[in-house]
Amino acid sequence: MKRAGLNCGALVIIVVAVLFGMPLMTRNQTTQAAAAIDYLNPVVPCTTVYVSTQAKQVEWLPNAHGGRDYRYELTAYDRCGMPRQLLIQVTDQPLAPDTYLAVKTKGQKVLRWQPVKRAALPDKIRAKLTPGALEAN
């Protein structure tokens, strides 16, 4: 009985360590596996980050219904100005160049995005997403 209690305790410690450790391993990973892990992990919070589509390379792939999927690997900034890499995939029509987006994420999983005006960006992010700052990245 004592051994079963120790095994259960060890299992709980391992599960907690994995749940809290995985976000550190998936950060800045722009793979679908990282997005799926973060989406399923109950400890990963939903946050809003901001990106600019200015001067970014676009990769496109044909999709199942004859259109194109456009993939953008962008540097996103949270409200504190901390950067991270993020993959945004858009179906059938590319994003307009020189657009600012507010992106709702759960870790590396993009839940939704919407265009925002430059004036609506938080001050710390506006400074990082200016054209000169983007070229320095």
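Just a few scattered comments:
- Scanning the range 29-53 for residues that are surrounded by fewer than 13 Cβ atoms within 10 Å (Cβ to Cβ) and either within 13 Å of the chain's Cα centre (by Cα) or closer than 28 Å to ALA119 by Cα (or both) returns THR31, GLN32, ALA33, PRO45, CYS46.
- Only a single item in (1) part of a loop (DSSP other than H, G, I, E, B); (2) surrounded by fewer than 12 Cβ atoms within 10 Å (Cβ to Cβ); (3) basic (Lys, Arg) is not met by LYS56, and it is number (2).
- Residue list for the range 93-114, restricted to those being within 12 Å of the chain's Cα centre (by Cα), in contact (Cβ under 8 Å) with a residue 24 or more places away in the chain and loosely packed, with under 14 Cβ neighbours inside 10 Å: LEU111
Read-outs: derived from the displayed coordinates by stated rules, not from any lab. From a predicted model like this one, the values you see are computed outputs, not experimental measurements. FYI the Cβ positions are ideal-geometry reconstructions off the backbone, even for glycines, and counts take in every protein chain you see.
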